[in-house]
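One structure is given below, encoded as structure tokens.
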């Protein structure tokens, strides 16, 4: 069950948490790096708390820049233990439905 805080942000943004959970489980990722744009960084720990409950993975939150899909962190190959999966969240609000 998602907390109220996470439910509030999902009213404005489609985080695709179900899709993320399926990917973590299907890839058997043990260590996942989450990259958030500035407007979503305040919600990062709520996202991690939820994903941790739904998977057996551990999470790192990238607090550096995130200006789009081409802005991936550098130097991650040097980290031990190795990061199994990187998930980058977008920052566009949901489009209104008519």
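Since every read-out is calculated from the coordinates, none of them should be taken as a lab result. All values reported here derive from a predicted model rather than from experimental measurement. Here the Cβ positions follow ideal geometry from the backbone for every residue, glycine too, while neighbour counts run over all protein chains shown.
Per-structure values
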read-out	value
Peptides ranked, highest mean first, by Cβ atoms within 10 Å: ranges 6-14, 53-61	53-61, 6-14
Computed lengthening from residue 41 to residue 86, 0.36 nm per intervening residue step minus Cα-Cα distance	14.6 nm
Computed FRET value (nearest 0.05) for residue 63 with residue 26, which takes r as the C-beta separation and R₀ as 25 Å	0.35
Peptide ranges 46-52, 25-31 listed from the most packed, as the mean C-beta count within 10 angstrom indicates	46-52, 25-31
Stretchable slack from residue 49 to residue 16, in nm (0.36 nm times residue separation minus alpha-carbon distance)	10.4 nm
